[in-house]
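Input: a single structure, listed below in structure tokens.
The values are calculated or read from the model by the stated rules, or taken from the named source; none is laboratory data. What you are looking at is a predicted structure, and each value in this text was computed from that prediction instead of being measured. Cβ: placed from backbone, ideal geometry, glycine included. Neighbour counts: every protein chain shown. Accessible surface is based on the protein model in full, side chains and every heavy atom, while ligands, DNA and RNA are left aside. Shrake-Rupley method; radii C 1.70, N 1.55, O 1.52, S 1.80 Å.
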Amino acid sequence: HADLAMYSAKEAGRNGLAFYHAQLSEQVVKRVKLESDLRLAFERKEFVLHYQPRVSVQTGKIIGVEALVRWYHPERGLVFPDAFIPICESNGMIRQLGKEVLDIATKQQAIWAQQGQPISVAINISPQQIKHDGFFEEIVEIVMRNKCNPRLIELEITESTLLGNDQQVHNFLSAVESMGMSIALDDFGVGYSNLIYLQRFPIKTLKIDKSFIQGLEENKALASLVVSMCQLMGFTAVAEGVETEAQMKWVAEQAIEEYQGYYFSKPLPLAEINQLLAIR
Ligand code: C2E
Ligand code: MG
Ligand code: MG
Ligand code: MG
């Protein structure tokens, strides 16, 4: 009996391992396919931007948009950034993708301005892009080439970009700021940085993470505290992820300047954002 028990335990272990290997290689195959599809995506121009309105709480008018990248995959259809940005960040492709996003977004900003719609465009930037020497020169080149107004460009960075208080990051942010661009800190409140630390950087706006807005029913006091801190330190507050009337009401009560969220509009393809801008 003891032998039998030992035998089956061994078998089970072996099968478990085999199962584990099968799963692992399936993951590896998927990942390799995804990376080679991503490489093709650049050549085939499969990346597009969708634009989500950023709205003034006071006037209810659109003051800008956030550019959010999408991948139109030939077989999978519309792919959202959470499914490929982390991969691009880990294999270095984010630099090329980031450049493409900057190029499309700044071109579009110039087109809107020409059409009499001088709205601001916010662009998400990964830490790896900023940590690469030469990124500032790349931005200058793209902005000049596309004849875009840097005063209407906002770069959204995350707290992980600031970790370590790297002098190079500080220099980069100061340089883009002196070009006229502004800096927003995305997903504020879920990271590690404290406000005193944030004040060292030329950051204008804090985007209050959507988890606070969506957690309002459970913890209003916490969300209020985060907003108050932000305002006391002189940052402009933007509420992310506003979906309901009740959330909208709270945002207005807090004297938050701007908001984004499904309550006003989801991120939209160019044709649809153009329609919305025309009637604004
Ligand atoms: P993010 O910059 O914080 O963008 C906000 C995300 O929240 C977007 O997801 C947007 O669609 C979603 N959102 C907006 N309003 C609401 C709402 O009312 N409710 C809910 N539940 N969600 C809402 P998306 O487009 O899937 O983007 C996810 C993240 O991917 C972005 O978060 C950003 O970190 C990253 N990302 C997107 N585009 C780029 C890009 O061009 N470059 C880089 N580096 N990252 C990007
Ligand atoms: Mg963002
Ligand atoms: Mg965010
Ligand atoms: Mg995010």
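Structural remarks
- The listed residue being surrounded by 14 or more Cβ atoms within 10 Å (Cβ to Cβ) and away from ligand 4 (no atom under 16 Å from the Cβ), out of Gln260, Gln275, Gln254: Gln254
- The set of residues in region 152-172 being assigned to a helix (DSSP H, G or I) and open to solvent by 10 Å² or more (accessible area, probe 1.4 Å) consists of Leu152, Glu159, Ser160, Gln167, Gln168, His170, Asn171, Phe172.
- Restricted to region 181-194, and to residues there that are within 16 Å of Ile125 (Cβ to Cβ) and more than 9 Å from ligand 3 (Cβ to nearest atom), the residue that is surrounded by the most Cβ atoms within 10 Å (Cβ to Cβ) is Leu185.
- Region 49-100, residues that are among the charged types (D, E, K, R) and in contact with a Lys or Arg (Cβ under 7 Å, 6 or more places away or on another chain): Lys61, Glu66
- The lone exception for Met248 - which of (1) within 16 Å of ligand 3 (Cβ to nearest atom); (2) in a helix (DSSP H, G or I); (3) in contact with a strand residue (DSSP E or B) (Cβ under 8 Å, 6 or more places away or on another chain) it fails: (1)
- Selected residue (criterion: surrounded by the most Cβ atoms within 10 Å (Cβ to Cβ)) from residues of region 19-49 that are small (Gly, Ala, Ser) and either under 21 Å from the mean Cα position of the chain (by Cα) or closer than 30 Å to Thr106 by Cα (or both): Ala41
- Taking each residue of region 100-111 that is under 12 Å from Pro150 (Cβ atoms) and looking for partners that are surrounded by fewer than 16 Cβ atoms within 10 Å (Cβ to Cβ) with beta-carbon atoms closer than 8 Å, six or more apart or interchain, yields Ala110/Lys147.
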